[in-house]
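These notes are about the structure you will find just below.
The values are calculated or read from the model by the stated rules, or taken from the named source; none is laboratory data. Only a predicted model underlies this, so the values are computations on that prediction, with no experimental measurement involved. When we count neighbours, we look across all protein chains shown, and the Cβ atoms used for this are built from the backbone with ideal geometry, even at glycine. The accessibility values were calculated without ligands, DNA or RNA, using every heavy atom of the protein model including side chains. Shrake-Rupley method; radii C 1.70, N 1.55, O 1.52, S 1.80 Å.
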Amino acid sequence: MKVILLQRGGGKTARAIRMCHEDGLHMVCINKPEALRALMLAAEMGLPIPLPLTFDQFLRREKNYVSDQIHGYVI
């Protein structure tokens, strides 16, 4: 487990996006607006990532997001 511990505005989301892009991981966000914000930031950074999912979707284990083909998650 890796922990990104920075102050507000310190670049936590950007680092998480880089991890997702480089390692092929899926991002888990607190809610839909935050997931869309992360997706847009990834596009601005030029780092395509899989569609982020919400924590609720992760907990419900929605079949499109939780499978054997996914290597890991960034929460």
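Could you tell me whether L41 is modelled with pLDDT of 90 or more and part of a helix (DSSP H, G or I)? Yes, satisfied. The set of residues in the stretch 1-24 being closer than 14 Å to I75 by Cα, open to solvent by 80 Å² or more (accessible area, probe 1.4 Å) and in a loop (DSSP other than H, G, I, E, B) consists of M1, K2, V3, L5. When the stretch 25-47 is filtered for residues that are open to solvent by less than 50 Å² (accessible area, probe 1.4 Å) and in contact with a helix residue (DSSP H, G or I) (Cβ under 8 Å, 6 or more places away or on another chain), the ones remaining, listed by number, are L25, H26, M27, V28, C29, A38, L41, A42, L47.
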